[in-house]
Structures are given as C-alpha cells and as structure tokens.
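The values are calculated or read from the model by the stated rules, or taken from the named source; none is laboratory data. No experiment lies behind these values; they were computed from the predicted model shown. Every residue, glycine among them, receives a Cβ derived from its backbone with ideal geometry; neighbour counts consider all protein chains shown. We work out accessible area using only protein heavy atoms, side chains counted, and drop any ligands, DNA or RNA first. Shrake-Rupley method; radii C 1.70, N 1.55, O 1.52, S 1.80 Å.
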Amino acid sequence: MDRREALKATSLILGYSLTAGAASALLGGCKAQTSSDWQPQTLSAQQSDLLAEICEAILPKTDTPGAKDALCHRYIDEMLTHFYKPEKQKYFLEALKIFDEKSKAKYSKAFVALSPTEKEEILEILAKEAADYKDETGEKPHIFRAIKSATISGYFTSEVGAKGGLCEFLPVPGPYKGCIDYSTVGKGYVLS
Amino acid sequence: MTIRPFSIVTEIILDETGKKAKGVRIVDAETNETKEYYAKVVFLCASAFGSAQILLNSTSERFPNGFGNDSGELGHNVMDHHFRLGAHGKSDEFKDKFYKGRRPTGIYIPRFRNLDTKTKMPNFIRGYGYQGGGSREGWGRYIAEAEYGKALKDSLSQNGDWTFGITAFGECLPYHENKITLNKDVKDIYGLPTLTMDAEWKTNELEMRKDMMSAAAEMLEAADLKDVRTFDYGCNPGLGIHEMGTARMGLDPKTSVLNRWNQIHAVPNVFVTDGAFMTSAGCVNPSLTYMAFTARAVNFAVEELKKQNL
C-alpha cells in the first residue's frame, strides 16, 4: 500500500486537518523522548528553544498543562528526524526563521526574548499570513500551520496532554455508550 | 496433531501414477534442510497467491506448467476489491448528543445495483457495497488559523460537528489476463522463484467507480447531511488485500483448476481452500466465505476417506 496516500486518506476520513507531516507522525506513533539528558537530533539547541516558546504560545499552560509540559518541541524534533525527508526538514528549518525575523523587525528582539503579549502579536501576524496562504501540493504548508498541527497532535498524544484535563482521556479497552447527553461529558475526548 | 513451524513448502509431490499427490517437500527455514512429508490428503491453504505459487512451482512430466494446471488457468483470473472512494458530510443536528468510547462496529449498505431489471445499470455489471459510520469531530478537526493561545485551548476542549461517511467496496470481474507468474530469474532466500503480479482494473470496474462515488454523495444528501464531499484516493489491485481467483473452481476441467469440492480436477486428493478457489469476487469481505468452503471441503474429504474414495 502506498503509505503516504493511505495516511492522507485516513486523515481526511477521520476529519483531521493536520498537515501531511503531522498526520504521518501521529499515525506512525511519533513520541517525544522524556529523558532528562535529551538533546535535539535535527534542531539546533537554539532552534529547539525557539520552538519550545512557539509551541507554548500556541498552547499555553492554563489550568491545564501547556505545550512545554507536554514536550511538544521534542515531539517536533522527533517528527522532523523520523518522518520528514531531508528536503522537507530543510523547508521547515528555513521557514522557522520567520519568527525571529518578524520579532526583530517589530521589537528588535529574538522571539524567545519577547513578553507573552509580544509573542501573541507575532503569532497574530503569522496566523493571518497562514490563513491567506495556499499550499497547493500539500508539501509546503505555512510554517505556523505546520507547527500548530504538530503541537496539537504532539500535545494530545503525550501522556501529559492526553491526561491533562483539556479533553477527557478514554483509554483502551473501555466501554461504549452509543447515545448520551453532551452535557454529561461537557468536553471532547482523547481517543488516540 | 503435529504442527511443523519454520517449514516452507516448495512443492507438492506427485506419485508414480500421476493421479495422486504423495505429500509435500519443504525447506526448513532455519536449517535450509529439505524434507518430505507424506499424506493421503493434502490441503493447500497458503493464501490465494501462496497456494498458486506452490502449485506453479510443482512441475513434473505430467504437469509441466504447474500442478493440476491442465486448463492453463492456474495463476490467472486474479481479483481484488476496489475501494478508497465514497463521500462524507456533516450534520448541524444533535449537538446536545454524544457517545462515550469507541464504537466497535460500523454500518453496512448491501449491494443495490444490478439486482433485477429495475436496478440494472447501463455502464457496468455486478455492484458494490458501502461501509461507514458517524462520529463527532475531535481535536484533529480544522480549527481556524486565527486561533492560538487560550482561545485555541477552549476550542480544542470541545467536540465539533457530527460527521458521517461511507466508503465503497466494489466487485472486480475475473479476467484471464490478470495473472501471477513465477519469476525464475529472481529467487527468494530459499531459492524459490518469486511471483510477478500483473493485474489491472478494466472498463467495468472504472465505470462502477464513478457510480460508487456519486451514489454515496446522493445518499448522504438525501439523508440531509451538509457540506457533502466525495473522495477518490485511487486504487490499484492489491490494495484491497482480498486477492483471490488464482486456482478457480468450475464444472469444466478445461476452464478451471478445482472442482466443486475444492479438489484439483486431475488430482482429487489435493484440496485448495483459500481465496484461490474463488470464481467471482462479490463485493463483501471474503474471509468468512473461504472459511465456510474450507469447512465444507474438509467435511467432504472426511466422508470420502471413510468411503475409501481418497
């Protein structure tokens, strides 16, 4: 089976809107490493720190864990290392530069050095860009969308994110109730 | 009963009369040792391609083109199901309703084309069925790019709309030219010829696919779903992993390999009881049919052994 095709098909059938890279990582069992002496494999230390801040700005810690707690930047490093071809890795790392470029242009500081409000300003600019961006081939998503997709899937497939309370975690095996009132649950599920 | 694992059957051994199998020859996957095992009856159930491969590799003066291959049909008439297309849509209703856990089953829509004159289709014969199901969109759904931060977390914590989709599985006709053959130039690690597969969909399947997709959308729209979208991810023979037909059954030994009891016409103590025996593919999952035919063939073999006919 053409795995790539199959993954695309699966992600559409399941109603996922993840980018192709994030979908293949998700279905391929990508997992962030939790060891204390972790070193990034594809990202540089600096790129890893930058990503950690971007991910946290996308999914900040509130009364539930944030992207840093869920090690989303490590998940992305793992994804880039094992699920991206060299040319896609290159595209991702090149596109990542835009966060610092925008930050320096607006605040004369690197993204990691910005205040939370300033980070949101930068995300706002890039989110707007991403909304207008057309990715005809599905191979070159806007960097904001690529990171957002991977952050969300990394978050919900981590133990910290899955069990963190944002959605209700339903482990396997478990019972099935076919029809209940939404209000009795009040939130979505983490099934994967 | 003794099960002998790590045994690669290389061929079926024909006895001196040329009308009975003596047993099988194997190569031990761990030691590469060749061994022979003898029996009154041989059941070949190595999967449609595996069984045909063994038969094609079992040549003798009596059967120069493969064991029991008087008809020339061995390895031919490869069939599979074609699928990976259908439609899905959303519903605005039942937002207050939910489920808990993973639904263990889906829905099935049995074949409704070409059953009688009223359902006769102009462009293709036979038909297809649908499998499908409904669920609410979860955290993987599309969330507007504008959302990040706390607003994104709020959106992610809730479930989305109900979605419902159906995906079609269609029948493939048996074509003599859709075939598997032995490639003696490329051998596997046991020195056995590998298989070359050569099969394609033809006009009937391609015409059927158009209807499989459009009828899906028609039904979902009739069911009042919104934002109905069709999909066709393309399909090649083999993707359905329902390969069958390579040693087909038939009444006439000139056009088939097996008789009605899954016996090789010319060598009745060899039974082939996997997908190889299938004469047509239907459009349903075939495993239960294989199992039922296997049970039936085994029962027949036992009765014949009792009568000392085998």
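Structure above, values below:
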{"item": "Subset tally (residues that are in a loop (DSSP other than H, G, I, E, B) and among the basic types (Lys, Arg)) for region B:119-138", "result": "2"}
{"item": "Residues within region A:70-95 that are open to solvent by 20 Å² or more (accessible area, probe 1.4 Å), within 23 Å of A:GLU121 (Cα to Cα) and under 16 Å from the mean Cα position of the chain (by Cα), tallied", "result": "3"}
{"item": "Number of the exception - B:ARG141 against (1) part of a strand (DSSP E or B); (2) open to solvent by 10 Å² or more (accessible area, probe 1.4 Å)", "result": "(1)"}
{"item": "Test: B:VAL257 is farther than 24 Å from B:THR167 by Cβ, under 19 Å from the mean Cα position of the chain (by Cα) and open to solvent by less than 60 Å² (accessible area, probe 1.4 Å)", "result": "yes"}
{"item": "Residue in region B:144-151 that is open to solvent by less than 40 Å² (accessible area, probe 1.4 Å) and under 32 Å from the mean Cα position of the chain (by Cα) present", "result": "no"}
{"item": "Count of region B:219-254 residues which are in a helix (DSSP H, G or I) and surrounded by 14 or more Cβ atoms within 10 Å (Cβ to Cβ)", "result": "2"}
{"item": "Hey, B:ASP198 open to solvent by 50 Å² or more (accessible area, probe 1.4 Å) and over 20 Å from the mean Cα position of the chain (by Cα) or not", "result": "no"}
{"item": "Matching strands (runs of 3 or more DSSP E) fully within region B:1-107 where at least 3 residues are among the β-branched types (Val, Ile, Thr) and open to solvent by less than 50 Å² (accessible area, probe 1.4 Å)", "result": "B:7-14, B:21-28"}
{"item": "Boolean, A:GLY154 is surrounded by fewer than 16 Cβ atoms within 10 Å (Cβ to Cβ) and in contact with a helix residue (DSSP H, G or I) (Cβ under 9 Å, 6 or more places away or on another chain)", "result": "no"}
{"item": "Qualifying residue in region B:165-177 (condition: within 14 Å of chain A (Cβ to nearest Cβ), in contact with a Gly (Cβ under 6 Å, 6 or more places away or on another chain) and closer than 30 Å to A:SER183 by Cα)", "result": "yes"}
{"item": "Conditions (1) over 18 Å from B:TRP139 (Cα atoms); (2) at pLDDT 95 or above; (3) under 12 Å from the mean Cα position of the chain (by Cα); (4) more than 14 Å from every other protein chain (Cβ to nearest Cβ): number failed by A:ALA32", "result": "(2)"}
{"item": "Which listed residue, of B:ASN285, B:ASN299, is open to solvent by 70 Å² or more (accessible area, probe 1.4 Å) and in contact (Cβ under 8 Å) with a residue 40 or more places away in the chain", "result": "B:ASN285"}
